[in-house]
Amino acid sequence: MIEADAGVRSAYTARADEYTGLFGSIEAAHPEDRHLVAEWVRTLTGPVLDAGCGPGQWTGFMADNGADVAGIDLVPDFIAHARIRFPSVPFNVGSLRSLGVPQGHLAGVLAWYSLIHLAPENVAPVLREFARAIAPGGGLLLGFFESGELRRFPHAVTDAYSWPVDRFSGLLETAGFSIVETHTRSDAGHRPHAAIIARLTSE
Ligand SMILES: C[S@@+](CC[C@H](N)C(=O)[O-])C[C@H]1O[C@@H](n2cnc3c(N)ncnc32)[C@H](O)[C@@H]1O
């Protein structure tokens with residue numbers, strides 16, 4: 001495992017119970033985000049991966065919405081929590097950098113706030129891995145912190161980055177995706193949020 005991922009793993013491992021208590025229930029998610037994910041996943045036919053699933057609340061939610069979904073995360077404690085809470089859903093320790101599925105296997109990938117700790121130069125290789133793993137025409141839904149300029153900031157668990165939507169969209173297009181929808185939201189007391197729905201171009 002590369003050093004940066006080892007740092008993310010140990011930072012989340014130290015706070016896995018706390019994180020699960022705060023965010024591990026789908027009811028803690030914003031209603032607009034639940035609506036977005038539920039509508040998106042219903043457009044997909046075939047296997048879906050929750051990449052960087054944390055304690056698995058979105059994976060369980062997508063399963064409840066009819067998806068054939070699995071979750072992977074770097075942090076064994078999250079995977080252990082997720083397996084107990086959602087026993088009918090497959091969860092495995094794994095990395096965004098190598099999803100462990102054949103080329104074109106997936107109908108879609110959800111990466112909900114799981115790319116936020118990647119150094120900017122490491123985002124493009126992860127998006128290329130998503131493009132390898134997703135079938136042509138398949139979907140990708142990303143959630144992340146939004147800002148007018150790319151910024152590194154001291155996230156509560158470990159340093160993270162916030163991104164302009166246009167800049168992230170450009171990386172997605174370079175990796176072979178077309179942008180379907182973008183969403184932004186600023187709620188008092190929270191960092192600005194963005195979501196992008198993209199589709200892998202067909203040829
Ligand atoms: C902010 S949490 C989001 C977790 C979950 N998606 C959610 O919405 O609660 C970021 C997650 O990404 C995972 N993560 C970060 N880098 C990763 C990597 N390289 N491979 C797999 N998981 C990673 C972390 O372990 C952590 O669970």
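The values are calculated or read from the model by the stated rules, or taken from the named source; none is laboratory data. Worth saying up front: this structure is predicted, and the values here are computed from it rather than measured. As a convention, Cβ positions derive from the backbone with ideal geometry for all residues, glycine included, and neighbour counts pool all protein chains shown. SASA here: full protein model, heavy atoms, side chains in, ligands and nucleic acids out. Shrake-Rupley method; radii C 1.70, N 1.55, O 1.52, S 1.80 Å.
Find the strands (runs of 3 or more DSSP E) located wholly in segment 104-203 whose residues include 3 or more that are within 20 Å of A51 (Cβ to Cβ), and list them.
Qualifying strands (runs of 3 or more DSSP E): 106-112, 134-145, 160-162, 177-185, 193-200.
What number of residues in segment 25-58 are of a type outside the set (K, R) and free of Cβ contacts under 8 Å to residues at least 40 places away in the same chain?
Qualifying residue count, segment 25-58: 12.
I'm trying to understand the selection: among the residues of segment 81-110, which are within 21 Å of L142 (Cα to Cα), of a type in the set (A, V, I, L, M, F, W, C) and open to solvent by 20 Å² or more (accessible area, probe 1.4 Å)?
Of everything in segment 81-110, those that are within 21 Å of L142 (Cα to Cα), of a type in the set (A, V, I, L, M, F, W, C) and open to solvent by 20 Å² or more (accessible area, probe 1.4 Å) turn out to be V93, L96, V101.
Name the pairs: first residue in segment 175-203 and on the phi > 0 side of the Ramachandran plot, second residue of a type in the set (G, A, S), Cβ to Cβ under 9 Å, at least 6 apart or on different chains?
Pairs that qualify, where the first residue is on the phi > 0 side of the Ramachandran plot and the partner is of a type in the set (G, A, S), are G176/A131.
Matching residues to (1) β-branched (V, I, T); (2) within 10 Å of the ligand (Cβ to nearest atom); (3) in contact with a Pro (Cβ under 9 Å, 6 or more places away or on another chain); (4) closer than 15 Å to V180 by Cβ:
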{"position": "H117", "(1), (2), (3), (4)": "no, yes, no, no"}
{"position": "A124", "(1), (2), (3), (4)": "no, no, no, no"}
{"position": "A135", "(1), (2), (3), (4)": "no, no, no, no"}
{"position": "L141", "(1), (2), (3), (4)": "no, no, no, yes"}
{"position": "F145", "(1), (2), (3), (4)": "no, yes, yes, no"}
{"position": "G148", "(1), (2), (3), (4)": "no, no, yes, no"}
{"position": "H155", "(1), (2), (3), (4)": "no, yes, no, no"}
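Considering each residue of segment 42-62, count those that are over 17 Å from R85 (Cα atoms) and not hydrophobic (A, V, I, L, M, F, W, C), and give that number.
5
Take residues that are within 13 Å of the ligand (Cβ to nearest atom) and closer than 28 Å to E181 by Cα and tell me which of the helices (runs of 4 or more DSSP H) falling wholly in segment 1-98 contain 3 or more.
Answer list for segment 1-98: 31-42, 57-64.
Which pairs turn up if I take residues in segment 2-24 that are under 27 Å from E121 (Cβ atoms) and look for partners that are assigned to a helix (DSSP H, G or I) and open to solvent by less than 90 Å² (accessible area, probe 1.4 Å) with beta carbon separation below 6 Å, at least 6 apart in sequence or on another chain?
Pairs found: T13/D77.
Open to solvent by 20 Å² or more (accessible area, probe 1.4 Å), within 15 Å of the ligand (Cβ to nearest atom), among the aromatic types (F, W, Y) and modelled with pLDDT of 95 or more: does that describe F130?
When the stated conditions are applied, F130 does not pass them.
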